[in-house]
1. For the chain, what D do you get in µm² per second when you plug the Kirkwood radius from alpha-carbon pairs into Stokes-Einstein at 4 °C and 1.567 mPa s?
2. So for segment 138-183, what percent of the C-alpha to C-alpha distances run longer than 18 Å?
3. Just want to confirm a number: the relative contact order over segment 222-340, from Cα pairs under 8 angstrom separated by 6+ residues, in percent.
4. Restricting things to alpha carbons, tell me how big segment 45-88 is in terms of Rg and Dmax, in Å.
5. For the chain, how many pairs of lysine residues have a Cα-Cα distance under 19 Å, where the two are 8 or more positions apart or belong to different chains?
6. At 1.4 Å probe radius, can you tell me the per residue accessible area of the chain in Å²?
7. What is segment 66-179's relative contact order, in percent, from Cα pairs under 8 angstrom and six or more apart in sequence?
8. About its Cα centre, how strong a charge dipole does segment 264-365 have in debye, to the nearest 20, once Lys and Arg get +1 and Asp and Glu get -1 at the Cβ?
Amino acid sequence: RWKVPSENFVYADVDGNIGWQATGLAPVRKGWHGLLPVPGDGRFEWQGFLKLDDLPRTFNPAAHFIATANHNILPKGYTKELGYEWGSPTRFERIVEVLSTPDRKFTVDGFDGLQHDVVSLPARRLVRLLAAAQGMSDELRPWIERLTHWDAAIGRDSSPAALYELWLGKLPAAVFKPKLPEASWQILSDFISTDKLLNVLEAASPRWLDNAEARDAALFQALGEAVEEARQKMGPNPETWRWGSLHTTPFHHPLAIDDERKKLFDLPTVERGGDNDTINVGAGPGFAAVHGASFREVLDVGDWDRSVAINVPGQSGEPGSPHYGDLLPLWAGERSFPFLFSRERVEQASPERLVLTPRPLSGRP
């Protein structure tokens, strides 16, 4: 019965079954794809919607787990047209990597940690290219070693992660800008994905790079520029560089228009790990982490009272309430609270009870 918006529904039950079902209204088009405008003369009307049975699903797959992470979820060979714009598969691939570890035990704590995972698969690939690049200068050698000895975790306290993110931001200009007119670069520069960048670099694509030497030169050029920017933003000592000092999530309320209201409505800015390519997403314009998960939950269908969850910033939307921002420290610290289910456990854990008593209608007792 679910119609809009279209969603990935994943589920599990107490009998040990797991499943996934794509749901929503997907129009049936005859002879066209919906990617471009068409005449409104009746020739291009929708022919109803796909039935639920026509939408992709899976039930108890052989992998023993199901994962979605905004990537292309269409099964291989599926021919129905559900959409064309998908996120990068890198977050999904990292989930699969972790869950496919031999002898891994699936626990609440393990899944809670997985949701906060900040290992970047694109970082691994880029650093691998850097390690193999030829012609490094003595000046760049210590910075290359700093990255090639790094574990590719975009931690908020990580110095190599800060350098990597600045380097990643410089690479598109080093690779693509020389081959584009300035006007085109101004339009396209904000739309070059990490996947596109990696594919071009790994293939040393002749469309953008004359040869492998040109590819390596672009890697070194961008890294040199990143080092200079890191010094400007974080000081001369790389041991004090931290990704979290650049990558923050503000909690600014739109009604906080003066100092008095800011004290009431705004909450502290939080340093964040992760980036757009990590399971724990923290993305946004510049280095702002304004896109990501504000709510998470891990549900134990074998013992519901062992479930955990987190929300941000608090349990109350009322400024001035002690619960207005009471979950922010947990969320910022990548921790969760017990997500209790049974009445007994809820009663035991409840420090307060809020009673809402409706006012009698006028003229009635």
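1. Values: Rh = 24.5 Å.
Once the numbers are plugged in, D ends up at 53 µm²/s.
2. The calculated P(r) of segment 138-183 puts 42 percent of pairs beyond 18 Å.
3. Computed over segment 222-340, the figure is 16 percent.
4. In order Rg, Dmax, the Cα atoms of segment 45-88 give 12.7, 41 Å.
5. Here the count comes out as 10.
6. Details: 22330 Å² over 365 residues.
Heavy-atom SASA per residue in the chain reads 61 Å².
7. Numbers: 58 pairs, mean separation 22.1, N = 114.
Relative contact order here is 19 percent.
8. Numbers: 9 positive and 14 negative charges, 103 e Å.
Around 500 debye, computed over segment 264-365.
The values are calculated or read from the model by the stated rules, or taken from the named source; none is laboratory data. This one's a predicted model, so the numbers in the text were calculated from it and none came from an experiment. Note that each Cβ is placed from the backbone with ideal geometry, even for glycine, and that neighbours are counted across all protein chains shown. Accessible surface is based on the protein model in full, side chains and every heavy atom, while ligands, DNA and RNA are left aside. Shrake-Rupley method; radii C 1.70, N 1.55, O 1.52, S 1.80 Å.
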